[in-house]
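**Student:** Have a look at the structure that comes next, please.
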Amino acid sequence: MNKLIVSPSPHIHSDESTRRLMFNVVLALLPTLVVSIYYFGVGAIMVTMVSVASCVLFEYLIQKFIIKGKTTISDGSAIVTGILLAFNVPSNLPWYIVVIGSLVAIGVAKMSFGGLGNNPFNPALVGRVFMLISFPVQMTSWPLPIESRLKYIDAITGPTPLAILKEGLKNGENISQLTDKLPSHMQMFMGLMGGSLGEIAAFALLIGFAWLLFTKTITWHIPVSIFTTITVFTGILWLINPEKNADPLFHLLTGGVMLGAIFMATDYVTSPMHPLGMWIFGIGIGLLTVIIRVWGAYPEGVSFAILIMNAFVPLINRYVKPKRFGEEVK
Amino acid sequence: MSSILLTSIIILSVLGVLLAVILYAVAQKFKVIEDPRIDQVEAVLPGANCGGCGFPGCRGMAEALVKADDFGSLFCPVGGNSTMAKAAEVLGKVAEAKDPMVAVVRCSGSPEHRPRTLEYDGATSCKLATMLYSGDTGCQFGCLGLGDCVNACQFDAIHIDPETKLPVVDDEKCTACGACAKACPKFIIELRKKGPKNKRIYVSCVNKDKGGIARKACSAACIGCGKCVKTCPHEAIVLENNLAYIDFNKCKLCRKCVEVCPTGAIHELNFPPRKKVEAATENAETK
Amino acid sequence: MLKTFPKGGVHPPENKISANRPIEALPLPSKVSILVSQHIGAPATILVAKGDKVKVGQLIAQSSGFVSANIHSSVSGTVESLDAVMDSSGYKRTAITITVEGDEWEESIDRSKDLNKTISLSAEEIIKKISASGIVGLGGATFPSHVKLSIPAGKKAEVLIINGVECEPYLTSDHRLMLEKGHELMVGIQILMRALNVDKAFIGIENNKPDAIAHLQSLETEYPGIKVQALKVKYPQGGEKQLIKSITNREVPSGGLPIDIGAVVHNVGTAFAVYEAVQKNKPLFERVVTVTGKELAKPSNFVVRIGTPISSLIDAAGGFPEDTGKVVNGGPMMGKALSDTNVPVTKGTSGVIVFKETDSKRKAEGACIRCAKCVSACPMGLEPFLLIKLSQRMMYDRLETERIMDCMECGSCSFGCPANLPLLDYIRLGKGEVGKIIRARKN
């Protein structure tokens, strides 16, 4: 007989693994990728490929030559970051900007904090915001879906619904005057509007959400709390003055709300650990998003809202504790 | 224009003076009067805060030294006699010289001597392994080799030898703070007298099993035969629970016990090679 | 309606391979080694000497305090030695080794199979009898049963809960016992009810044992006051605090005992042993042990005499498979890996599981990705991801305020960790240290 193995209990382990979780996230992102390729064609393929490849490569190089530790690219987290980074930029973004964004996302936001599990901010969002501030022109020219399918850098561009709204309201126009310029709710649900390549198609993102819930990769708390907060907050504004404020559904379907709430805010590393903390986190993101959209200088605020709330996560984790068993309930 | 400049200068100056007065008043009010000798003594101490003296840190030791009438049991193992003498000088007291100590690992159970019968698969911690089982060999007393002592050492003075899988103490770096001895859940590590020119003799085994059982588990185990006890001319060796122990205060380093030990459990360190025929042939063979 | 506890829990694969195997008696071994410390509390004092002849059921070591238990001989024969033998952790412990000669029982034991339903003893007499018979909690914790039945002054038991959950995967001994000894079990529960002076008892059984639920439910009318409560399958429902929560929806306060909220929990195995002790005058010297494993030729449920070497159980179940990697004493979630297979069966041995080598090793550790699966798995509402870090950094004050002492080491956190972190390993370590600090503070 062999040498017996002695180890502390438990002696069995579930088939859960980091790689499997990441794989499920990638699967959940696939419908959106397919829709994105349908709408933006060459550009979507190009940007996604460059982003994923450079994220994985940077992680490998940093681990191999700077940290000189074991490489962990096989856990799939760099692939997820790569896809999410690509989903957060327009499909006509030049490849070298994507590479710079990947370097910031992986090198600065992730590896410099100690790699997977230690980064306080969502790497993909740090990369996106860095690009947005450094390359504002390229980051805010949005290719029109379907029409620019066969073009990459030279795609025909147009504004996003949120930009139309911001611009219009600034010029003193009312919502009813802007309705002709804005896509209908159904078009927005299907993704027929300008925007980053992965944020437009709400229905595809919701399919991904269903998959994540079904596989128990994430819990419902964060996305639902964000959706609820945005609906309630914009709903109140809309009821007060429907001529100056867009309806809640418009806010939910435009910009990065769906992508942000389902895939970015739920990032394990940068979100709270217990349901109550998740609610606080989600409500914070919802409030900040609406505040930036309605009163801020930028037409869109989901990325900033998530990054700001990321900074509060350690605090939330420190003070919001799960209910202990046997604790006296007051 | 110049009036703006002037007002700014005046306001800032007034503010500065005012704050300085407040700061001074607060500092006076909350002033803690402390024996200045504590700082002086602390400066003499090594500043490693290792806890080897039994106090939380060097400051704690300094306070104790200042308070103490005579140093008695107070001793800084890291700084040794010279540090204690300096501290005594500062305080105008006398420090008795103590023998320098060193950590000694009392286990010789390398895989060669002590075959592994089990495989451990858990967190790398001797303490946890001890809670779980007796060890991955037939000897329930011996070293587990998971390195709690290495983690406890602040002076980088103890390492696991990759070949013998046993900890090895670096005499030069070891300060005898005792952190490793405290960390070892098997109580294998002992602080012993460093000895003249680092020469020392000790029983490198803590197995309390009966001879047959001990030997079956490990070929280098002390089997409690008592030959060393009979041989020792200085009555420095006691046999208790099938285990010999050499009292380092009585041992005169004559090496007679090393010669008679049938299993080689008694180790001698830093002695010159013996001038015996056997030793010579051994040397010849290795050449 | 199915009940369960609300917070935490995991669903490990059940693998109840031996569920259909009726309980059989294991042939007598040639030699037994009976440890004098098979229970929580002080070791028993030995009453026999080398060379003494003993009978089955004879008292050979006496309880040495209130929290301690009597030990009876499980065989008849000659005391061979009183030397230390290896226990399941590989440490040497004092044991009485007896060479088996024949199978001669004490005359006072009623060996007939007839059911005796009339309970003639009073509450005090019952507790005395249980104490004399050396009965301890047979679920694995081995806490002396008479201590649990002696209600401290100022407290009152309101409900008796019988633990038939058997939430550990693989194990089936309680399941078989409920199926085959239903009547005896019910009488045993009535004895316990009288000892505690309660009129209500619940038997908690998980829904993966529908045959046991149906069988015991059919007996409910015959034994008034006893109710079978079907429960949803969820590990660790067999934990005392979780079971009470599932059935009564009351929470044992942190650091408290079940009796603080009027509940007393006993295992089905214990209830059966109580029946045998009180009605048949038979002390605890044998128990049902599940011997199982995916590669084992004949997974079985055996009635085993205490002190039988575990290797002979495995031999009777078809012998060691070729690539045995690990042998576990108890369930796969909380059991102990054996360092030697010749160690004797004790009162706490509920099962023996043989794993093949590839199933025995842990997977490689990764980095914590803060997925919070350990937080949602913890039935005590703790945060294992935090406890492991604090434990590794030896921050014992923080560990105490984070309530590490509430951990019951069920292993749910380690089981589900996607990064395969040894969460429970370090929590155990921290618990040990914090426990020492607390004890030092009390003294």
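The values are calculated or read from the model by the stated rules, or taken from the named source; none is laboratory data. The model shown is predicted, which means the values in this text are computed figures rather than measured ones. Please note: Cβ atoms are built from the backbone with ideal geometry, for glycine as well, and neighbour counts cover all protein chains shown.
**Student:** I need the full set of residues from segment B:260-272 which are farther than 18 Å from B:ASN242 by Cα and either touching a helix residue (DSSP H, G or I) at 6+ places or on another chain (Cβ under 6 Å) or at pLDDT 90 or above (or both), in order please. Walk me through how you get there before you give the answer.
**Tutor:** We begin by selecting, within segment B:260-272, every residue farther than 18 Å from B:ASN242 by Cα; these are B:268-272.
Hits for segment B:260-272 are B:GLU268, B:ASN270.
**Student:** Got a number for residues in segment C:251-271 being among the hydrophobic types (A, V, I, L, M, F, W, C), assigned to a helix (DSSP H, G or I) and crowded, with 23+ Cβ neighbours inside 10 Å? Outline the logic, then answer.
**Tutor:** First pass over segment C:251-271, keeping only residues among the hydrophobic types (A, V, I, L, M, F, W, C): C:252, C:257, C:259, C:261, C:263-265, C:268, C:271.
Pick out the ones that are also assigned to a helix (DSSP H, G or I) and you get C:259, C:261, C:268, C:271.
This time we only want the ones that are crowded, with 23+ Cβ neighbours inside 10 Å, so: C:268, C:271.
Residues meeting the conditions: 2.
**Student:** Filter segment A:62-94 down to the residues that are of a type outside the set (A, V, I, L, M, F, W, C), away from chain C (no Cβ under 14 Å) and over 20 Å from A:MET49 (Cα atoms) and list them by number.
**Tutor:** Keep residues of segment A:62-94 that are of a type outside the set (A, V, I, L, M, F, W, C), which gives A:63-64, A:68-72, A:74-77, A:81-82, A:88, A:90-92, A:94.
Still in the list and also away from chain C (no Cβ under 14 Å): A:64, A:68, A:82, A:88, A:90-92, A:94.
Of everything in segment A:62-94, those that are of a type outside the set (A, V, I, L, M, F, W, C), away from chain C (no Cβ under 14 Å) and over 20 Å from A:MET49 (Cα atoms) turn out to be A:LYS64, A:LYS68.
**Student:** I would also like to ask the following. Checking the condition away from chain A (no Cβ under 14 Å) and either farther than 22 Å from C:SER145 by Cβ or surrounded by fewer than 24 Cβ atoms within 10 Å (Cβ to Cβ) (or both), which residue from C:VAL354, C:VAL343, C:VAL328, C:VAL303 passes? Spell out how you get there, then give the answer.
**Tutor:** On the way: C:VAL354 fails: away from chain A (no Cβ under 14 Å); C:VAL343 fails: away from chain A (no Cβ under 14 Å); C:VAL328 fails: away from chain A (no Cβ under 14 Å).
Within the list C:VAL354, C:VAL343, C:VAL328, C:VAL303, the selection yields C:VAL303.
**Student:** If C:ILE161 satisfies every condition in (1) out of contact with any strand residue (DSSP E or B) (no Cβ under 8 Å at 6 or more places or on another chain); (2) within 23 Å of C:GLY238 (Cβ to Cβ); (3) outside any loop (DSSP other than H, G, I, E, B) but one, which is the exception?
**Tutor:** Among (1) out of contact with any strand residue (DSSP E or B) (no Cβ under 8 Å at 6 or more places or on another chain); (2) within 23 Å of C:GLY238 (Cβ to Cβ); (3) outside any loop (DSSP other than H, G, I, E, B), C:ILE161 violates only (1).
**Student:** Being within 24 Å of C:SER30 (Cα to Cα), modelled with pLDDT under 90 and of a type outside the set (Lys, Arg) is true for just one of C:ASP87, C:ASP114. Which residue is that?
**Tutor:** Being within 24 Å of C:SER30 (Cα to Cα), modelled with pLDDT under 90 and of a type outside the set (Lys, Arg) holds for just one of C:ASP87, C:ASP114, which is C:ASP87.
**Student:** Let me ask something else about it. Suppose we keep only residues that are more than 19 Å from the chain's Cα centre (by Cα) and of a type in the set (D, E, K, R) within segment C:68-91. Which one would you say is farthest from the other protein chains (Cβ to nearest Cβ)?
**Tutor:** Going through the qualifying residues, I end up with C:GLU80.
**Student:** Are any of the residues in segment A:242-264 free of Cβ contacts under 8 Å to residues at least 60 places away in the same chain and either more than 24 Å from A:ILE200 (Cβ to Cβ) or within 14 Å of chain C (Cβ to nearest Cβ) (or both)?
**Tutor:** No - not one qualifying residue is present in segment A:242-264.
**Student:** Let me ask something else. Go through segment C:331-340 and give me each residue that's farther than 25 Å from C:ARG21 by Cα and either surrounded by fewer than 20 Cβ atoms within 10 Å (Cβ to Cβ) or at the interface with chain A (Cβ under 7 Å from one of its Cβ atoms) (or both). Lay out the reasoning, then the answer.
**Tutor:** Pass one, segment C:331-340, residues farther than 25 Å from C:ARG21 by Cα: C:339-340.
The answer is C:SER339, and nothing else.
**Student:** OK, next. Being within 14 Å of another protein chain (Cβ to nearest Cβ) and in a helix (DSSP H, G or I), is that true of even one residue in segment A:302-310?
**Tutor:** There is at least one residue in segment A:302-310 that is within 14 Å of another protein chain (Cβ to nearest Cβ) and in a helix (DSSP H, G or I).
**Student:** Kindly provide the set of residues from segment A:1-53 that are closer than 30 Å to C:ASP315 by Cα, facing chain C (nearest Cβ under 7 Å) and assigned to a loop (DSSP other than H, G, I, E, B), ordered by number. Steps first, answer last, please.
**Tutor:** First, the residues of segment A:1-53 that are closer than 30 Å to C:ASP315 by Cα: A:1-14.
Now drop any that are not facing chain C (nearest Cβ under 7 Å), which leaves A:1-2, A:4-14.
Those that are closer than 30 Å to C:ASP315 by Cα, facing chain C (nearest Cβ under 7 Å) and assigned to a loop (DSSP other than H, G, I, E, B): A:MET1, A:ASN2, A:SER7, A:PRO8, A:SER9, A:PRO10, A:HIS11, A:ILE12, A:HIS13, A:SER14.
**Student:** Looking at segment C:377-393 only, could you name the residues that are within 10 Å of chain A (Cβ to nearest Cβ) and among the small types (Gly, Ala, Ser)?
**Tutor:** Once the filter is applied, which keeps residues that are within 10 Å of chain A (Cβ to nearest Cβ) and among the small types (Gly, Ala, Ser), segment C:377-393 yields C:ALA377, C:GLY381.
**Student:** Which numbered condition in (1) without any contact (Cβ under 8 Å) to a residue 60 or more places away in the chain; (2) within 14 Å of chain C (Cβ to nearest Cβ) is the only one that B:ASP156 fails?
**Tutor:** (2)
**Student:** Suppose the filter is among the aliphatic types (A, V, I, L, M) and either free of Cβ contacts under 8 Å to residues at least 12 places away in the same chain or not in a helix (DSSP H, G or I) (or both); does B:VAL168 pass it?
**Tutor:** Yes.
**Student:** Restricted to segment B:136-145, and to residues that are in contact (Cβ under 8 Å) with a residue 40 or more places away in the chain and more than 7 Å from every other protein chain (Cβ to nearest Cβ), which residue is nearest to the chain's Cα centre (by Cα)?
**Tutor:** Per the stated criteria, the residue is B:CYS143.
**Student:** Moving on. Within segment C:352-362, restricting attention to residues that are farther than 23 Å from A:SER74 by Cβ and without any contact (Cβ under 8 Å) to a residue 60 or more places away in the chain, which residue is nearest to the chain's Cα centre (by Cα)?
**Tutor:** Taking the candidates together, the pick is C:SER360.
**Student:** If you check A:ILE230, A:ILE280, which single one turns out to be more than 14 Å from chain C (Cβ to nearest Cβ) and either under 25 Å from A:VAL89 (Cα atoms) or in contact with a Leu (Cβ under 7 Å, 6 or more places away or on another chain) (or both)?
**Tutor:** Going through A:ILE230, A:ILE280 in turn, just one is more than 14 Å from chain C (Cβ to nearest Cβ) and either under 25 Å from A:VAL89 (Cα atoms) or in contact with a Leu (Cβ under 7 Å, 6 or more places away or on another chain) (or both): A:ILE230.
**Student:** Evaluate the following for C:LEU192: is it under 26 Å from C:ILE259 (Cα atoms) and part of a helix (DSSP H, G or I)?
**Tutor:** Spelling it out, C:LEU192 is indeed under 26 Å from C:ILE259 (Cα atoms) and part of a helix (DSSP H, G or I).
**Student:** Going by the conditions given, is A:PHE263 touching a helix residue (DSSP H, G or I) at 6+ places or on another chain (Cβ under 8 Å), surrounded by fewer than 21 Cβ atoms within 10 Å (Cβ to Cβ), over 18 Å from A:ILE133 (Cβ atoms) and assigned by TED's automatic domain parsing to the domain that holds A:PHE209?
**Tutor:** Judged against the criteria, A:PHE263 is not a match.
**Student:** Among the residues that make up segment C:363-376, is at least one of them of a type in the set (S, T, N, Q), within 7 Å of chain A (Cβ to nearest Cβ) and either touching a residue at least 60 places away in the same chain (Cβ under 8 Å) or surrounded by 23 or more Cβ atoms within 10 Å (Cβ to Cβ) (or both)? Lay out the reasoning, then the answer.
**Tutor:** From segment C:363-376, those of a type in the set (S, T, N, Q) are C:376; that's our starting set.
When the remaining residues are screened for being within 7 Å of chain A (Cβ to nearest Cβ), the result is none.
So far as segment C:363-376 goes, no, none of its residues is of a type in the set (S, T, N, Q), within 7 Å of chain A (Cβ to nearest Cβ) and either touching a residue at least 60 places away in the same chain (Cβ under 8 Å) or surrounded by 23 or more Cβ atoms within 10 Å (Cβ to Cβ) (or both).
**Student:** Here's another thing I want to ask about it. Of everything in segment C:82-110 that's free of Cβ contacts under 8 Å to residues at least 60 places away in the same chain and assigned to a loop (DSSP other than H, G, I, E, B), which residue is farthest from C:VAL343 (Cα to Cα)?
**Tutor:** Applying the filter and picking the extreme gives C:GLU107.
**Student:** A further question on this structure: Of all residues in segment B:52-98 being outside any helix (DSSP H, G or I) and of a type in the set (Val, Ile, Thr), which is farthest from the chain's Cα centre (by Cα)?
**Tutor:** Going through the qualifying residues, I end up with B:VAL94.
**Student:** Here's something else I'd like to know. Hey, among the residues in segment C:394-407 that are closer than 25 Å to C:GLY238 by Cβ and more than 9 Å from every other protein chain (Cβ to nearest Cβ), which one's surrounded by the fewest Cβ atoms within 10 Å (Cβ to Cβ)?
**Tutor:** Checking each candidate, the answer is C:MET405.
Yes/no per residue for (1) touching a Ser or Thr at 6+ places or on another chain (Cβ under 9 Å); (2) touching a residue at least 24 places away in the same chain (Cβ under 8 Å); (3) not charged (D, E, K, R):
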residue	(1), (2), (3)
C:TYR170	yes, yes, yes
C:SER173	yes, yes, yes
C:GLU184	no, yes, no
C:LYS200	no, yes, no
C:ILE205	no, yes, yes
C:PRO224	no, no, yes
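**Student:** For the condition assigned to a loop (DSSP other than H, G, I, E, B), over 26 Å from C:MET86 (Cβ atoms) and in the same structural domain as B:TYR133 (by TED's automatic domain parsing), what is the one hit in B:GLU235, B:GLU190?
**Tutor:** Selected residue: B:GLU235, the only one of B:GLU235, B:GLU190 that is assigned to a loop (DSSP other than H, G, I, E, B), over 26 Å from C:MET86 (Cβ atoms) and in the same structural domain as B:TYR133 (by TED's automatic domain parsing).
**Student:** Among the residues of segment C:408-433, what is the count of those that are at negative phi and surrounded by fewer than 20 Cβ atoms within 10 Å (Cβ to Cβ)? Spell out the reasoning first.
**Tutor:** Going residue by residue through segment C:408-433, those that are at negative phi are C:408, C:410, C:412-419, C:421-433.
Retained after the next criterion (residues that are surrounded by fewer than 20 Cβ atoms within 10 Å (Cβ to Cβ)): C:408, C:432-433.
Qualifying residue count, segment C:408-433: 3.
**Student:** Being over 23 Å from A:LEU21 (Cβ atoms) and out of contact with any Lys or Arg (no Cβ under 8 Å at 6 or more places or on another chain) narrows it down to one residue among A:TRP238, A:TRP220; which is it?
**Tutor:** A:TRP238
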